[in-house]
1. Right, Q199: assigned to a loop (DSSP other than H, G, I, E, B) and either among the aromatic types (F, W, Y) or surrounded by 13 or more Cβ atoms within 10 Å (Cβ to Cβ) (or both) or not?
2. Mind checking whether some residue in region 182-193 is surrounded by fewer than 19 Cβ atoms within 10 Å (Cβ to Cβ) and farther than 15 Å from S261 by Cβ?
3. Residues D111, D120, D100: which one is farther than 24 Å from C166 by Cα, not aliphatic (A, V, I, L, M) and not assigned by TED's automatic domain parsing to the domain that holds H480?
4. Restricting region 58-95 to residues that are modelled with pLDDT of 85 or more and of a type in the set (G, A, S), which is surrounded by the most Cβ atoms within 10 Å (Cβ to Cβ)?
5. For residues that are in contact (Cβ under 8 Å) with a residue 40 or more places away in the chain and over 28 Å from the mean Cα position of the chain (by Cα), scanning just region 541-552, find the one that is nearest to R510 (Cα to Cα).
6. I'd like to verify a number: residues in region 429-443 that are surrounded by fewer than 18 Cβ atoms within 10 Å (Cβ to Cβ) and either within 24 Å of the chain's Cα centre (by Cα) or closer than 23 Å to Q634 by Cα (or both), how many?
7. Please verify whether D128 is closer than 22 Å to R144 by Cα, in contact (Cβ under 8 Å) with a residue 40 or more places away in the chain and of a type in the set (D, E, K, R), treating the condition exactly as stated.
8. Would you mention how many residues in region 158-196 are in a loop (DSSP other than H, G, I, E, B) and either farther than 27 Å from E116 by Cα or at pLDDT 95 or above (or both)?
Amino acid sequence: MPNLPDVDPLSTSSHMMKTTKRGRPFLKDTLDLFATLVVSLQLGPHKQFFRTFPHSFSTDEAAQNLASLKFSQSNRGPDPREPTRVVTTTTTTTFSMTRDMAKAMCQHFMDARLIENATDPASNLFKDRGTYQLTPKGLHVLERFISKNGINADHLQPVFSSQPICIKLLHLERRSSDDEIIVTQSVITALFRRFAGRQPNYPPPPDKPLDVFQKYNERSKGISLNDMTERAQPIAGKAAAVHKHCFAAVTALEWLCDFTSVVGREEAAEMAAQFVRFGLVTLVSDKRKNNDSAIIFTVRGSAPGGNSPVSQQGEFRCTAKAIYKITDEGRRLAHWDTTATGHLNTDSPSASSTNLTVDRSSVEGSMDNGTADTKRSDAKIHRRISLAEKLNSNYDSPDKKTSKESNTDRLRYIVEEPGLRSLFREFLRGNFCEENLSFWVDVQDFKKKFNITSSAMAVSPVTRPGNRNTPGQAAMERHHESLINTAFVIYNTYLAPSSQCELNIDHGLRNELVKYLEEVVTNMTGKAFQGRVEPEQANAFNATQLQTMIRLYERIQTHVFRLMATDSVPKFIKTPKFLAMRNWVEDFDPTESDIHLLSSGAGAPSSPPGLSDEVGGAYITVSQQGSEREHRIQIANATASSTATVQS
């Protein structure tokens, strides 16, 4: 058995989940519990109504796991008393609930659009005997949870590879006291721009067949729009009229629940009512019958007065017949009307802005994304330079950075953007230096897994006699063995003499690593180091020795990163494939280069009394797996198109 670092003594405490005035758990608890449950489940085929649904689970399976669900997380760090020693802290959280409570919790998951009824996706009710699958939004949340907590989720890989994933999820910040969305003009701006899309999203021609991935991709671009013709009413003196950019009220609620952190149709209706209040959408018609029920949501707030389109009250009708359209103000705010050069007209005195930050869901860890927060008292408009713009070979930094520094920024963005990283890997392969990127990525992943690991499992309430290990400790032992294996797979793949993908690095860096391995292996086995590490030698490494290897790997990683930035990036950004790809990246660029950054000024509604310290904002998380798959589809389509052109 490998030598494991000491684990801190366990301490226990218990508390009830905090709930909102609507009776639902706070959003963070909902998302964490959902992801913990899914990791603990063994998703598989389930039959119902003579059909088989892959990667699904039943009501009974969810209720059984939620009855006693344990989530264990172990964090490694230096011992405060002895910094050279690594200490591990393990925290175990246990969720326990009755079957009725478990069903109610799963209903919250459905309301948040994390799961759906496999047999009837339009159903909003969690049933006592049902089969359920993850939604694209649920997969996005799950991927982020797995990456953030260092969970080994190999058993979920078939799910990620076979179903659509929400690529870009917009999160709206909430008050810590009651979990309500903090509504400000900047927040509504960010939400509406995501809702409206970069361009009006009209459905493709009906004769163009789309698979499930293409249909979801089309829907993710923004709310689906149609033009509506209103018949003439001679008696009322109304002529026929054509309303452009129309959408159904119910469709809008579903879209907000699927592509943002909005929870449930009630909260979605409140946000849609804010769109009405801010003058971004307006009611076209509601042809419901007099005896049909109507749910109308009304929101109120302060109005700046003058020529501002913002009013004190907004009303949204949640009926099957209600049709709304995007107003001229909505078009302006969505930046649909751009100049011929593609730049935005920012001369309007009422130009709006928003606070937006970026967080990428990536198993490789995140780089410095930069936040979009500005001081509330700052009345100037600040335009953030998009990272996508920095990819331009002629980009001139306002800080007068050197070319070397600019290429470093470009490389940071390339390795973080999944689609560009795949294209960059293809470029490096053609230049016979793909191992540089592979090594950098593998070390990033290894460092993250070393620092944190988690596990989730449903366990029996009765502890087996003689079993002293907690689920967290058992998971930590397995994880430690996996880390040792990973550390030496990296060495034997990239750094051992005559290895499969041997790096071309500085002789001194290689010698420093080899010298350390010689010392450790000789002390442990009494045998001379032969240049490669065998499995039985690797298993004897402890956490402190692994941390030393990480430090040595990081030095080599820095060298490789600098090499790629100075040698490969300048050539890569001039290739035709990159130039064509950049346009696609900008479509999914979460930095939203077209958004201006202005804190809540005089035109924005004031914060509720006593909560002025909580400033509303929005941030976007991007799915790595979804982005990479979309990139592969784009490449395949481009290849097919070019082949068809050549043949014709």
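1. Working: assigned to a loop (DSSP other than H, G, I, E, B): yes; either among the aromatic types (F, W, Y) or surrounded by 13 or more Cβ atoms within 10 Å (Cβ to Cβ) (or both): yes.
Yes; evaluated as a whole, the condition is true for this residue.
2. No, region 182-193 has no match at all.
3. On the way: D111 fails: farther than 24 Å from C166 by Cα; D120 fails: farther than 24 Å from C166 by Cα.
Answer to the check: D100.
4. Restricting attention to region 58-95, the residues satisfying the condition of being modelled with pLDDT of 85 or more are 58-69.
Of the ones still in play, those that are also of a type in the set (G, A, S) are 58, 62-63, 67-68.
Values: S58: 16, A62: 25, A63: 19, A67: 18, S68: 16.
That would be A62.
5. The selected residue is L552.
6. Number of matching residues: 5.
7. On the way: closer than 22 Å to R144 by Cα: no; in contact (Cβ under 8 Å) with a residue 40 or more places away in the chain: yes; of a type in the set (D, E, K, R): yes.
In short, no.
8. Our first condition is that a residue be in a loop (DSSP other than H, G, I, E, B); within region 158-196, this holds for 163-167, 173, 175-180, 182-184.
If we keep only those that are either farther than 27 Å from E116 by Cα or at pLDDT 95 or above (or both) too, we end up with 175-177, 182-184.
Summing the residues that are in a loop (DSSP other than H, G, I, E, B) and either farther than 27 Å from E116 by Cα or at pLDDT 95 or above (or both) in region 158-196 gives 6.
The values are calculated or read from the model by the stated rules, or taken from the named source; none is laboratory data. Keep in mind it's a predicted model, so treat the numbers as computed, not measured. In this analysis, Cβ positions are derived from the backbone assuming ideal geometry, glycine residues included, and neighbour counts consider all displayed protein chains.
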